[in-house]
């Protein structure tokens, strides 16, 4: 008997109500209880386990999405204080550089991202932008480079010949980093130890998802997932939209 694939993920798609776009969401990941375990079991993304360094996924400079992302990062860097950022007074002049692959990334200092406070800092290890966001009572989404606040969520966008967009929201996997990702000793979305949160990812990463898809589409996704959960308890599968019974008018 053929076995069902052990790595299967369930996805849902729906059409945007206001633009020519199809949204696709990885329900398997969004329903999971994954949680960031930075400094609480995270082994880092070097070629061997290095939990003692408390670098998480910050060992390399953050890849910046575009010029807007770069300018936003530099603007926020100017707002950081010495109490929030360990290397404010010793950081290199160029906080964003071009790496060997031609990508714009945040600079490194002492073998990790320049904005990563280390364990010997007064406030301990962690992102300086994250600290500043908390001090301003704001979401870190408004402070960090895009890839940093999104991880391990990933947004992929495809444009069809008719200019119709398909946007997929799923989990960031090793392959998305290119060849370098397969050199990581450890990656959080692959380790059971990171699946110990008290809520679903769709709830715990609400701010991130709203920033990625908008409040309206987030609410539609949440409504579907809650309806799906209730339906699944009753053992009912979702009929195809073409044959689904319509509610009476």
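The values are calculated or read from the model by the stated rules, or taken from the named source; none is laboratory data. Quick caveat, the model's predicted, so the values are computed rather than measured. With ideal geometry, Cβ positions are generated from the backbone for all residues, glycine too; neighbour counts draw on all protein chains shown.
Just for the stretch 34-61: of the residues that are modelled with pLDDT of 95 or more and touching a strand residue (DSSP E or B) at 6+ places or on another chain (Cβ under 6 Å), which one is nearest to residue 185 (Cα to Cα)?
58
Looking at the structure I just gave you, is residue 112 modelled with pLDDT of 95 or more, out of contact with any strand residue (DSSP E or B) (no Cβ under 9 Å at 6 or more places or on another chain) and surrounded by 12 or more Cβ atoms within 10 Å (Cβ to Cβ)?
Working: modelled with pLDDT of 95 or more: yes; out of contact with any strand residue (DSSP E or B) (no Cβ under 9 Å at 6 or more places or on another chain): yes; surrounded by 12 or more Cβ atoms within 10 Å (Cβ to Cβ): yes.
Criteria met by residue 112.
Take the residues in the stretch 221-249 that are surrounded by 16 or more Cβ atoms within 10 Å (Cβ to Cβ) and out of contact with any strand residue (DSSP E or B) (no Cβ under 7 Å at 6 or more places or on another chain), then tell me which one is modelled with the lowest pLDDT.
Within the stretch 221-249, the match that is modelled with the lowest pLDDT is 228.
Counting only residues that are over 19 Å from residue 209 (Cα atoms) and touching a residue at least 40 places away in the same chain (Cβ under 8 Å), give me the strands (runs of 3 or more DSSP E) lying completely in the stretch 1-107 with at least 2 of them.
Answer list for the stretch 1-107: 104-106.
Output the residues belonging to the stretch 183-227 that are in a helix (DSSP H, G or I) and within 22 Å of residue 54 (Cα to Cα).
Looking only at the stretch 183-227, we keep the residues that are in a helix (DSSP H, G or I), and these are 183, 188-190, 192-194, 201-204, 206-213, 215-227.
Matches in the stretch 183-227: 183, 188, 189, 190, 192, 193, 194.
In this structure, does residue 49 turn out to be more than 29 Å from residue 157 (Cα to Cα), in the same structural domain as residue 187 (by TED's automatic domain parsing) and either under 22 Å from the mean Cα position of the chain (by Cα) or surrounded by fewer than 16 Cβ atoms within 10 Å (Cβ to Cβ) (or both)? Before you say what the answer is, go through the steps one by one.
On the way: more than 29 Å from residue 157 (Cα to Cα): yes; in the same structural domain as residue 187 (by TED's automatic domain parsing): yes; either under 22 Å from the mean Cα position of the chain (by Cα) or surrounded by fewer than 16 Cβ atoms within 10 Å (Cβ to Cβ) (or both): yes.
When the stated conditions are applied, residue 49 passes them.
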